[in-house]
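Asks: Right, I'll just put the structure down here and ask away after.
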Amino acid sequence: MKAVQVTGYGDIDKLHVVHIEKSQPKENEVLIKVKACGINNTEIWMREGAYGADKESGWRPEGVQFPRIPGSDITGVVVEAGKNVDKSILGKNVVVFPFTSSGEEGTEHYAEDMSFIGSEYDGGYAEYVAWPESLCFPMPLQDFSQSAVFSVSGLTAWHMVEQIRPKKEETILVTGANGGVGSMNVQIASKIHGAKVIALVGDPSLRDRMKELGASHVLSYKSAHLAEEILELNGGPVDSVLDVVGDALFKTVIKVLKKGGKLCISGSIGGQTTHVDLRDIYLKHITIYGSVLGTRKEFKDMLDAVAEGKLKPIIDKTFPLEKAAEAQTYFKQSGKLGKIVLLPEEESEA
């Protein structure tokens, strides 16, 4: 099969298109013919060694074992089933829940043995992938590419909003609102919970499209007086913040949060370290949540919302599988709206 492997920590020159033997499903697994695989910051940071304190890092303490096929936002068709799997699943269109864990229901996303597809397991930058049958869910939409945008981004955003538990008409500030997670945060906060959303983007031309997703107001994070603009626009501090940016906007975020406000962080694309005056946190009674991925129940709830038309897929651009390096480079550019998706070509010989 054709696949893209990461051969070590580094730049995009560590991505290589290879032809290897097709994966084989274990007794409780299925083999999925990959139809689409969304790109996440996760696999780029995995390649760059950006997780953890050391360069050689991954989701697990031992780091990534190379070569590794990245990719976690996977949709496809089940073409083989392990001996313990009900054969009725053959031919079904599925979307992959992106990690394994022995954690109890509701805590599986922070269990010590949580292992991520595309980091600890070979992932979806390939024509085929093997995965546990119990972690394959019915595809929420008929289109493979559209269904592939929700796995990691949708689950991450759903869990972030669950953390802050917004009430109807509360004001939620969403940073990185035009990205995969951010655009989901806007939709979930506004359309599922009825909150008023202030979306921060880099490109003001995205204003109309962000409002279509549910944003009440759209501001540029590049403004020299961003905090003042937010406070004036909202008539005072905001109730909560959903943040994927980190350092670049951290002082602004803390400044515009109300007393008793909530901050949920699930990314640091604008800087992984920041300076914090702890007085700004405790004197304002701010609650900070760290958030990564979510639970299987949240995944199902999110997919149900997609199937019911409450959440819309947003795709910025698609690339063929062999242009994964070009796609990852494009992913890191500013001004996009929504997800970047890889599309494997027609089946080749293993």
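The values are calculated or read from the model by the stated rules, or taken from the named source; none is laboratory data. This is a predicted model, so every value here is computed, not measured. We place every Cβ from the backbone using ideal geometry, glycine too, and count neighbours over all the protein chains shown. Ligands, DNA and RNA are stripped out before the accessible areas are found, and what is left, the full protein with its side chains, is counted by its heavy atoms. Shrake-Rupley method; radii C 1.70, N 1.55, O 1.52, S 1.80 Å.
Asks: Just checking: which of the helices (runs of 4 or more DSSP H) contained wholly in the range 260-342 hold 2 or more residues that are open to solvent by less than 70 Å² (accessible area, probe 1.4 Å) and not charged (D, E, K, R)?
Replies: Working: elements: 278-282, 296-307, 324-331.
In the range 260-342, the matching helices (runs of 4 or more DSSP H) lie at 296-307, 324-331.
Asks: Please verify whether Pro70 is at pLDDT 90 or above, farther than 27 Å from Val292 by Cα and buried (at least 22 other Cβ atoms within 10 Å of the Cβ), treating the condition exactly as stated. It would help to see each step written out before you state the result.
Replies: Details: at pLDDT 90 or above: yes; farther than 27 Å from Val292 by Cα: no; buried (at least 22 other Cβ atoms within 10 Å of the Cβ): yes.
Against the criterion (at pLDDT 90 or above, farther than 27 Å from Val292 by Cα and buried (at least 22 other Cβ atoms within 10 Å of the Cβ)), Pro70 does not qualify.
Asks: Can you tell me which residues in the range 60-97 are assigned to a loop (DSSP other than H, G, I, E, B) and hydrophobic (A, V, I, L, M, F, W, C)? Steps first, please.
Replies: Pass one, the range 60-97, residues assigned to a loop (DSSP other than H, G, I, E, B): 60-67, 69-72, 82-86, 90-92, 97.
Val64, Phe66, Ile69, Val85, Leu90, Phe97 - these are the residues of the range 60-97 that are assigned to a loop (DSSP other than H, G, I, E, B) and hydrophobic (A, V, I, L, M, F, W, C).
Asks: Evaluate the following for Ala350: is it open to solvent by 40 Å² or more (accessible area, probe 1.4 Å) and modelled with pLDDT of 95 or more? Break it down into steps so the answer makes sense when it comes.
Replies: Values: open to solvent by 40 Å² or more (accessible area, probe 1.4 Å): yes; modelled with pLDDT of 95 or more: no.
Taking the combined requirement at face value, the residue does not satisfy it.
Asks: Then there's this: Considering only the range 226-253, how many residues are of a type outside the set (Gly, Ala, Ser), open to solvent by 10 Å² or more (accessible area, probe 1.4 Å) and either under 12 Å from Ile288 (Cβ atoms) or in a loop (DSSP other than H, G, I, E, B) (or both)?
Replies: Selection size over the range 226-253: 4.
Asks: Limited to the range 129-156, what total is found for residues that are of a type in the set (Phe, Trp, Tyr) and under 14 Å from Met302 (Cβ atoms)?
Replies: 2
Asks: Let me ask another. Go through Lys211, Lys222, Lys167, Lys191 for me and flag whichever is touching a Lys or Arg at 6+ places or on another chain (Cβ under 9 Å) and either surrounded by 24 or more Cβ atoms within 10 Å (Cβ to Cβ) or more than 30 Å from Ser101 (Cα to Cα) (or both). First the steps, then the outcome.
Replies: On the way: Lys211 fails: touching a Lys or Arg at 6+ places or on another chain (Cβ under 9 Å); Lys222 fails: touching a Lys or Arg at 6+ places or on another chain (Cβ under 9 Å); Lys167 fails: touching a Lys or Arg at 6+ places or on another chain (Cβ under 9 Å).
Going through Lys211, Lys222, Lys167, Lys191 in turn, just one is touching a Lys or Arg at 6+ places or on another chain (Cβ under 9 Å) and either surrounded by 24 or more Cβ atoms within 10 Å (Cβ to Cβ) or more than 30 Å from Ser101 (Cα to Cα) (or both): Lys191.
Asks: Right, next: Name the one entry in Gly10, Gly52, Gly103 that is more than 23 Å from Lys300 (Cα to Cα), out of contact with any Pro (no Cβ under 6 Å at 6 or more places or on another chain), at pLDDT below 95 and open to solvent by less than 30 Å² (accessible area, probe 1.4 Å).
Replies: One residue alone meets the criteria, Gly10.
Asks: Does the range 110-120 contain at least one residue that is open to solvent by 20 Å² or more (accessible area, probe 1.4 Å) and among the β-branched types (Val, Ile, Thr)?
Replies: no
Residue-by-condition table, conditions (1) modelled with pLDDT under 95; (2) open to solvent by 10 Å² or more (accessible area, probe 1.4 Å); (3) part of a strand (DSSP E or B):
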{"site": "Ala3", "(1), (2), (3)": "no, no, yes"}
{"site": "Leu31", "(1), (2), (3)": "no, no, yes"}
{"site": "Lys35", "(1), (2), (3)": "no, yes, yes"}
{"site": "Thr42", "(1), (2), (3)": "yes, yes, no"}
